[in-house]
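S.K.: Here's a structure for you.
The values are calculated or read from the model by the stated rules, or taken from the named source; none is laboratory data. Computed from a predicted model, the values in this text were never measured in an experiment. Using ideal geometry, Cβ is built from the backbone for each residue, glycine included, and neighbour counts are taken over all protein chains shown. Side chains included, ligands, DNA and RNA excluded: accessible areas come from the protein's heavy atoms. Shrake-Rupley method; radii C 1.70, N 1.55, O 1.52, S 1.80 Å.
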Amino acid sequence: MENFEANDSNKILTNETSSEQSDAEGIKEQDVLKTDSSQEETPSGDIQDPVNGSADAQETTSGSKEDQETSGALEEVAEIIGDPEESPVTLEGSKAANKPSENMDSMMDMYEESFNRFAEGEVVTGRIISVDKDYVLVDIGYKSEGQIKIQEFQDEDGNLIANEGDLVDVMVEWWDDEEERVVLSKEKAAKVKVWEDIKKSYDEGKTVKGVIVNRVKGGFSVDIGVQAFLPGSQADLRPIRNLDEMVGKTFTFKILKYNRKRSNIVLSRRIILEEERDSKRSTTLDSIEDGKIVDGIVKNITEYGVFVDLGGVDGLLHITDISWGRVKHPSELFSVGDKITVKILSFDIERERVSLGMKQLTEDPWLAATKKYPIGSRANGKVVSLTDYGAFVELEEGIEGLIHVSEMSWTRKIRHPSKVVSVGDVVDTVVLDIKPESRRISLGMKQVVPNPWDVISEKYPVGTTIEGKIKNITDFGLFIGIGEGIDGLVHISDISWIKRIKHPSELYKKGDVVQAIVLDIEKENERFSLGIKQLQEDPWKTVAERYEVGKEITGTVTNLTDFGVFVEIEEGIEGLVHVSEISKEKIKTPIGKFSIGDVITAKVMNINSQERRIGLSIKRLEIESEQSFLSEYVNNARPTTSTFGEILRENLQEKLNGE
C-alpha cells in the first residue's frame, strides 16, 4: 500500500509541474496520454471472459500488430508536436528553450510503457514481493506491483501458502489508471491454465487425473481443476452396483468432448480400461496353457463361482473348484479386488473361456484318508451341516463324515440330530466305515462310550425287582426309567392278572413311582420287558382247586355274545356259559334272555388254567335238578294198588337210569 501512496504523491507533483507550463507551447500532455490510453484500454471484440470465454482470448495481440500500433501512435504524436526543425519555438531563457525536447522524451516513455502493459485477461508470471493480512503484492514487470486478495493463497484449512520470492502465474483482471495499479487473480489464472491443459490433452489424446467429488444424475461430478461430468456408463467396464464406492477416489480419465463457453467437459474412464484390457488381452492369451499357475484379481462374485481377471481375459473359478471342503458361498472366502493364485484347468481358444481351479493347487486329502482315518479309530471334527437323517462333520478341509441319527445314542430314540448337536459343535467320533472312492466316511458318536446294553443284563438279571418312575404312557403300556438311559416297558397285558384294562392311564399317571419285575432283556433289539402283575401270584394257578369240575357256582353276567354268556366268578376270573349250555331247548343267541349284571347259577364243566378258561353250564344244572326230583319221587312212592301205577313207576325208573 505504501507503493500506491507514493505513486499518488508523484502524480500530484507531475500535475503541478504540468500546470506551470506555458500554453504557448500548444501541446497538452494530457491529450497525448488520453489518446494513448484510449487506444490501449479499449478491448478487442475477440476478448471475452478470461474464465468462460473463448480460447482466442489468449491471443488478443501479436508481435506484428503491436509494432504497427506503436508506429502509428508515434506518427500521431509527431503530427501533434510538429517537426522542431521546421517549426522552431523560441522562448525566453535557457529553461524554456529546452522544454520541447524534455516533453518529447517524457511522452515517448509514457507511450513505451503503455504498450508494454499486459492486456486485461492475459496470464503472466510474477514474483511475490510482499505478503500482508489482506493482499499479496506481485511484481509482473510493471512500474507498480499488482495485488491479489490473500484468500486466493489459503488452502482449505485457512493456511497461507504464499512466500516472498515465489513465482506465481496470475491473470491481469483490470488496470486502475487513476491510482496506477493493476488488480491480479491467481485463481482465474489457474482456471485459464486448466482450460489450456484440457485443450492440449483433448487435441493430443492424453489423459487427465481427477477426483470423483459426488454423484449426480446419470453419473458423477469430477474435479480435474474445473468441474467435469463422468457418465455412469463410462465409469467402468461393467455396471457398478454401489456407485457411492467411487466417490472420493482418484482416477485417470480421457476427455470425450468439451465446450469452454458452456464450461462443459465430458470424461470417460471406460476407454482407458478398454485400452488397458485390449493391450493385456493378446499377451495373456498367448501365455495361457492348461495346468499353468497364474495370478489374477477377483472381478465379480456369484453364487456359483468367482470371475477372475487374468489380464484382459476373465476366467471362471467354479465354487466346486475353490476348496476340497464345503463352500456355501464364494463371498465367504473372497471379495472383489482380492488378488488370488489359481491353476488353469482348461482353455477354450475359440470361445476364449478359461476354467480355473484353486483346490488343485493342493493334494486331494482323500488320497491319504484311509491311512489317516482307519476303521475303529477315533477322530474329532466340527459339525458343518444337519439333515433329517444325520449330521455332517468336517474332520479336516475336504473330508467330511456322516454321523447317522441312529449312531448318536445307545439308548435315546433321536428324531432329529438337532436334539443332540448344533452346527459349529466340535464332537468326538469313531470311524465306522470309510470309502475313499466315493468320498464317504461313516462316523458314530455313541461308540465313544460303552454300550449300556452290554452290562444291563448283568446288573438287572431276569426276575429282579426294580423300582422306577413312569416316564411315558402309551396305549400299549408303561415306560419306566431304569437308569443308564434305558427305559423298560410294562405291557398293558402285564399290568394286572385279573383286571380288564382298556388303557394304562386308568391305573397310572406319568411320574408315578412303581415296582416291576424284569421279565426279559433283548440286547440285540434293545428291549427291556417288565411286569407289574408278576409281583403277585397268578390266581389262575389255584382256580382248579377252588372250583372243582361239577361244582355249582354263582356269578354275575359281565358280557353277552352270540356264542354265550360271560360270568364273573370272582374278581378277574370269568367263566363262559356256551349258548348250547344255556337251556335244553335250542337257543340261537342268549341276547335278550339275559342282561349284564344278572346273577346266575351254573355248573363248572371244565377248567383250563393255562388258557385261563372255565366252562360253565346252566342246562346241566337244570337236568341234574330234574333227575334229583324224579329220583326222589320214585324212591318215596307208595306200593301201587293197580297195574297202571306199577307200569308208571317202572317207566320213570328206566328214564332215570337212562339219563
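S.K.: For the range 190-326, which semi-axes, largest first and in whole Å, follow from the square roots of 5 times the eigenvalues of its Cα gyration tensor?
M.R.: 37, 18, 10
S.K.: Mind giving me the nanometre distance, one decimal, between the label points for E397 and E196, set 7 Å out from Cα along Cα→Cβ?
M.R.: Each label point is offset 7 Å from its Cα along the Cβ direction, giving 5.9 nm.
S.K.: Checking the cross-link filter: which lysines have an alpha carbon closer than 16 Å to that of K509, excluding same-chain neighbours under 8 positions apart?
M.R.: K509 reaches K469, K471.
S.K.: Sticking with this one: Roll a 1.4 angstrom probe over the protein heavy atoms and tell me the percent of accessible area of the range 593-632 that is carbon or sulfur.
M.R.: Within the range 593-632, the accessible surface is 45 percent carbon and sulfur.
S.K.: Further question: Assuming R0 = 30 Å, can you tell me the calculated FRET efficiency for the pair K469 and A544, based on Cβ-Cβ distance, to the nearest 0.05?
M.R.: Calculated value: 0.20.
S.K.: Next question. Over the range 332-401, one equal point on each Cα, no solvent: what is log10 I(q)/I(0) by the Debye formula at q = 0.11, 0.23, 0.26 Å⁻¹?
M.R.: -0.49, -1.08, -1.18
S.K.: Do the alpha carbons of any pairs in K382/K419; K459/K499; K413/K510; K499/K523 sit beyond 25 Å of each other, and which pairs?
M.R.: Pairs exceeding 25 Å: K459/K499; K499/K523.
S.K.: Moving to a separate point now. Determine the per residue accessible area of the range 568-629 with all protein chains present and a 1.4 angstrom probe, expressed in square angstrom.
M.R.: 61
S.K.: Using Cα centres only, tell me the gap between the range 136-167 and the range 414-484 in whole Å.
M.R.: 90
S.K.: Below 19 Å, Cα to Cα, which lysines can K191 reach? Residues fewer than 8 away in the same chain don't count.
M.R.: Cα-Cα hits under 19 Å: K149, K199, K200, K206, K209, K254, K257, K261.
S.K.: Check the straight Cα-Cα distances from K551 and name the lysines below 18 Å, setting aside those fewer than 8 residues away within the same chain.
M.R.: Correct list for K551: K541, K603, K619.
S.K.: Now, a different point. Where only protein heavy atoms count, and the probe is 1.4 Å, what is the accessible area per residue for the range 327-416 in Å²?
M.R.: Per-residue accessible area for the range 327-416 comes out at 60 Å².
S.K.: Keeping the other protein chains in place, figure out the carbon and sulfur percent of the accessible area of the range 503-579, with a 1.4 Å probe.
M.R.: 45
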